[in-house]
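The structure appears below as structure tokens.
The values are calculated or read from the model by the stated rules, or taken from the named source; none is laboratory data. Predicted model only: the values in this text are computed from it and were never measured. Every residue, glycine as well, gets a Cβ built from its backbone with ideal geometry; the counts of neighbours run over all protein chains shown.
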């Protein structure tokens, strides 16, 4: 009996174990299937998980300083373009506008005075011109009388005293004529000077009008409106706060401005071109199936736009595969777009072959 039992155990030990080869075969078949599947997939797709949602974010900056009088919105709420959001106390700017208008009125009054002065000087010029004509006529008569007296004195028809009087009258007439000409010339120059002064005054009026327009513009800046439709964020303003010109009060994430920035390796770019379809997986909403389209490519790698771009001419050189930002449009409805936010992480797969 003992011998028979030993023989049975030896036969059992020599029987081959077929479980391990079966498991190895299944593993090999699974690996081969997975490898073929991945090979086929990557022959038709270019993937990256270095991607995020971007959008146009408009900072709202005050253009004048002052105390905040009113706030008409809440953070993280939707606003429409042109909607009043913040009002700065306008009283200082209203006073400046009134001052500019008063200065404009004074300058306009100066124009009226200048025009009246021109009319008065023109009248004086006309009188001086008439005086020249009168003096010329008087001089002509005296010259003719003098010529007659000169002929009469030769034959003794008149006395020397009469001739001397005629000569004196001629000299007086000549002096009066020259004086009237000088007066007329001075009157004409005065008219020209007054016209030039009026031009200067008109220039001053135009400058005062510019001052009024500028004061109105400054006053209008106390009403801060939404530059675009979207959702407000990063509110940094409170009632009664003193704000300065150029200070950012809050930001607006614009409606319909979302897109994806995908950073592809430079070795992947030869297979990507504009217009290709893209499958988008959003980390926050893995159940959503979103489609997109390749739109354009950045003009430089991300490293070149960094604060301290690398300089391979200095130090030890280590070759690193660079990444180029690619802009992808999101083709989705409003219900999906309303869920997306700039900064969300996504994975994209560009379909290079249908």
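Some notes on this structure:
- Hey, residue 182 farther than 17 Å from residue 85 by Cα, outside the structural domain of residue 338 (by TED's automatic domain parsing) and in contact with a helix residue (DSSP H, G or I) (Cβ under 8 Å, 6 or more places away or on another chain) or not: no
- Annotation note: of 258, 288, 308, 242, the sole residue that is outside the structural domain of residue 329 (by TED's automatic domain parsing) and either in contact (Cβ under 8 Å) with a residue 12 or more places away in the chain or farther than 16 Å from residue 71 by Cα (or both) is 242.
- Scanning the range 215-240 for residues that are surrounded by 15 or more Cβ atoms within 10 Å (Cβ to Cβ) and part of a loop (DSSP other than H, G, I, E, B) gives 221, 222, 226, 227, 228, 229, 234, 235, 237.
- Strands (runs of 3 or more DSSP E) lying entirely in the range 20-88 (those with 2 or more residues that are exposed (fewer than 14 other Cβ atoms within 10 Å of the Cβ) and either on the phi < 0 side of the Ramachandran plot or not assigned by TED's automatic domain parsing to the domain that holds residue 324 (or both)): 66-71
- Any hit, the range 166-174, residues being surrounded by 18 or more Cβ atoms within 10 Å (Cβ to Cβ), within 30 Å of residue 105 (Cβ to Cβ) and modelled with pLDDT of 75 or more: no
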